[in-house]
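*Asks:* Starting off with a structure, shown below.
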Amino acid sequence: MAQKEPLSSVNNAIRILREFTLADKELGITELSKRLGLAKSTIFRLVSTLHGNNLVEKNKYTHKYHLGIGSFELGFAVYHGNELRSIAAPLLNKLMTTYREAVHLGVYDRGEVVFLCKMVPDDHHGTVSKIGKRIPSHCTASGKVLLAVQAEQEISRVIEQGLDRHTHKTITSGEALLEQLREVRKSGYSTGMSEYKDGICSIAVPVHSSTGLVIAAVSFAVTKTYLYPVQVQNYVKDLKTCSRLITERLS
């Protein structure tokens, strides 16, 4: 029992940090308490500890908190120390230069895609992705490629928690999603035609580790409402080449 309390406190502190996102940059004690189902006194104690370690900072005008310089330092170390991102970046940049379209590297985490790398031409407009941003897996090409290789339990969990609609083309049926995931496994790639944002099509292929496990996805985000099959195959061909080169260069 003596070990449970500190472990619980660490877990709750992590939960607090995870509530801060690009969409929710500032949060107050009361809001954190409601979101996490913890007493305000507990939230205040944990936030005070995080604040003392510069992991969160307090806005003196709103009295709300946001991630601090300590969190930035940790994220910066992860970002620049990530071997996968470092290897993929020049290869993604080459694809971007060739096609003049946005190219991404994303990984799977709890039903969502987290983007580790993004290469975008100067004149490109329209994508909604940002490095570190999370996007639902059921309505993106990267997400479906990564979700397709998850365990049945994880896929069921994603479906059971609800497939939110983002556009009129978003897949909201579990049965329809399962059918698409079966097709992804057969073809080795996935597409998303205005499923997350109108006017943005995406194409993605998996990236494998040296042992054959799927560890990430590389994708294009194209500012079109529709892609013809021949266009998709052209993108897929070069994405697969990029994916293979990433795998070969991973230690």
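The values are calculated or read from the model by the stated rules, or taken from the named source; none is laboratory data. Not measured: the values here are computed from a predicted model. As a convention, Cβ positions derive from the backbone with ideal geometry for all residues, glycine included, and neighbour counts pool all protein chains shown. Surface areas here come from the heavy atoms of the whole protein model, side chains and all, with no ligands, DNA or RNA. Shrake-Rupley method; radii C 1.70, N 1.55, O 1.52, S 1.80 Å.
*Asks:* With respect to ILE155, is the statement that it is over 22 Å from LEU105 (Cβ atoms) and either surrounded by 19 or more Cβ atoms within 10 Å (Cβ to Cβ) or in contact with a Pro (Cβ under 7 Å, 6 or more places away or on another chain) (or both) true?
*Replies:* Details: over 22 Å from LEU105 (Cβ atoms): yes; either surrounded by 19 or more Cβ atoms within 10 Å (Cβ to Cβ) or in contact with a Pro (Cβ under 7 Å, 6 or more places away or on another chain) (or both): yes.
Taking the combined requirement at face value, the residue satisfies it.
*Asks:* Looking at the stretch 173-189, I want the residues that are closer than 18 Å to HIS208 by Cα and assigned to a helix (DSSP H, G or I) and have a partner that is of a type in the set (S, T, N, Q) and open to solvent by less than 50 Å² (accessible area, probe 1.4 Å) with Cβ atoms under 6 Å, at least 6 apart or on another chain. Which pairs are those?
*Replies:* Going by the 6 Å Cβ cut-off, the qualifying pairs are VAL184/SER190.
*Asks:* While we're looking at this one, here's another question. Can you tell me which residues in the stretch 14-31 are assigned to a loop (DSSP other than H, G, I, E, B) and under 21 Å from ARG134 (Cα atoms)?
*Replies:* Taking the stretch 14-31 and keeping what is assigned to a loop (DSSP other than H, G, I, E, B), we get 20-26, 28.
Correct list: PHE20, THR21, LEU22, ALA23, ASP24, LYS25, GLU26.
*Asks:* Answer with yes or no whether LYS169 is within 20 Å of SER137 (Cα to Cα) and open to solvent by 20 Å² or more (accessible area, probe 1.4 Å). It would help to see each step written out before you state the result.
*Replies:* Numbers: within 20 Å of SER137 (Cα to Cα): yes; open to solvent by 20 Å² or more (accessible area, probe 1.4 Å): yes.
Taking the combined requirement at face value, the residue satisfies it.
*Asks:* When only residues in the stretch 192-251 that are polar (S, T, N, Q) and part of a strand (DSSP E or B) count, which is least open to solvent (accessible area, probe 1.4 Å)?
*Replies:* Applying the first criterion (polar (S, T, N, Q)) to the stretch 192-251 yields 194, 202, 209-211, 219, 223, 225, 231, 233-234, 241, 243, 247, 251.
Adding the requirement that they be part of a strand (DSSP E or B) leaves 202, 219.
Working: SER202: 22, SER219: 5 Å².
So, considering only residues that are polar (S, T, N, Q) and part of a strand (DSSP E or B), the one least open to solvent (accessible area, probe 1.4 Å) is SER219.
*Asks:* Read through the list (1) without any contact (Cβ under 8 Å) to a residue 12 or more places away in the chain; (2) touching an Asp or Glu at 6+ places or on another chain (Cβ under 9 Å), then give the number of the only condition that LEU27 fails.
*Replies:* Evaluating LEU27 over (1) without any contact (Cβ under 8 Å) to a residue 12 or more places away in the chain; (2) touching an Asp or Glu at 6+ places or on another chain (Cβ under 9 Å) leaves (1) as the failure.
Per-residue answers, yes or no, for (1) modelled with pLDDT of 80 or more; (2) polar (S, T, N, Q):
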{"position": "PRO6", "(1), (2)": "no, no"}
{"position": "SER9", "(1), (2)": "yes, yes"}
{"position": "LYS25", "(1), (2)": "yes, no"}
{"position": "SER48", "(1), (2)": "yes, yes"}
{"position": "ASN53", "(1), (2)": "yes, yes"}
{"position": "VAL56", "(1), (2)": "yes, no"}
{"position": "PHE76", "(1), (2)": "no, no"}
